[in-house]
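The values are calculated or read from the model by the stated rules, or taken from the named source; none is laboratory data. The model shown is predicted, which means the values in this text are computed figures rather than measured ones. Neighbour counts run over all protein chains shown; Cβ positions are idealised from the backbone, glycine included. Accessible surface areas use protein heavy atoms only, side chains included; no ligands, DNA or RNA. Shrake-Rupley method; radii C 1.70, N 1.55, O 1.52, S 1.80 Å.
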Amino acid sequence: REEEQKKTDFTKENAKEIAKEIKKIMNNAPAMKSKFNKKYTFDNFVVGKSNQVVCAAMQGVAEHPSMRFNPLFIYGGAGLGKTHLLHAVGNYLSEHNPELNVLYVTCEKFTNDFVESIRNGKEKSNLDFREKYRTVDVLMIDDIQFISNKTGIQEEFFHTFNDLYQNNKQIIIA
């Protein structure tokens with residue numbers, strides 16, 4: 001039994017060392033980049049009385065991620081520019097802070113990634129999902145309303161949100 005316990009302890013210690021190495025690699029890895037629509041910038045966003053506050057907030061977040069308005073939740077009807085502003089933030093960060101790991105996804109993509117990680121039924125799939133979403137500097141999720149009535153997705157989003165927030169990472173949901 002003692003021999004088995006030593007093997008278990010060695011495995012636990014080995015796992016801790018591997019986790020440390022992964023963190024080192026991730027810190028030195030090139031930033032993950034979402035593809036942002038280059039047409040969506042702050043310069044060509046039409047600002048009016050109804051959206052000037054949200055536009056200013058998004059510019060503040062782009063200029064100082066994790067320092068202003070974190071988390072930032074944007075609410076508005078269809079066609080009012082929420083997606084445009086999310087891409088504008090991504091484009092600004094890509095140009096001015098290329099070292100940041102910025103991830104933009106739709107709620108559908110987040111949901112599909114989560115379901116796929118469960119469908120595979122492998123621990124690695126769940127870890128890959130969490131690594132993708134919890135190691136970013138800026139997470140932007142569009143159309144978040146689509147997680148209503150999806151308890152499992154809501155729970156995973158909650159844990160992702162908390163992990164990022166506790167690590168002072170920028171979160172923007174629309």
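Quick notes on this structure:
- The residue that is farthest from residue 67 (Cα to Cα), among those in the stretch 123-136 that are in a helix (DSSP H, G or I), open to solvent by less than 80 Å² (accessible area, probe 1.4 Å) and not hydrophobic (A, V, I, L, M, F, W, C), is 125.
- Every residue from the stretch 143-174 that is assigned to a strand (DSSP E or B) and either open to solvent by 60 Å² or more (accessible area, probe 1.4 Å) or among the β-branched types (Val, Ile, Thr) (or both): 171, 172, 173
- The set of residues in the stretch 67-122 being outside any helix (DSSP H, G or I), open to solvent by less than 40 Å² (accessible area, probe 1.4 Å) and polar (S, T, N, Q) consists of 70, 97, 101.
- All positions within the stretch 47-66 that are surrounded by fewer than 18 Cβ atoms within 10 Å (Cβ to Cβ) and not in a loop (DSSP other than H, G, I, E, B): 52, 53, 56, 57, 59, 60, 63
- Of all residues in the stretch 41-65, those that are farther than 15 Å from residue 87 by Cβ have Cβ atoms under 8 Å from Cβ atoms of residues that are part of a helix (DSSP H, G or I) and open to solvent by 30 Å² or more (accessible area, probe 1.4 Å), 6 or more apart or on another chain, in 63/92; 63/96.
Conditions (1) closer than 13 Å to residue 173 by Cα; (2) among the charged types (D, E, K, R), marked per residue:
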| position | (1), (2) |
| --- | --- |
| 72 | yes, no |
| 75 | yes, no |
| 88 | no, no |
| 99 | no, yes |
| 103 | yes, no |
| 106 | yes, no |
| 110 | yes, no |
| 116 | no, yes |
| 124 | no, yes |
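- Test result for residue 139, crowded, with 18+ Cβ neighbours inside 10 Å, touching a Lys or Arg at 6+ places or on another chain (Cβ under 8 Å), part of a strand (DSSP E or B) and in contact (Cβ under 8 Å) with a residue 60 or more places away in the chain: no
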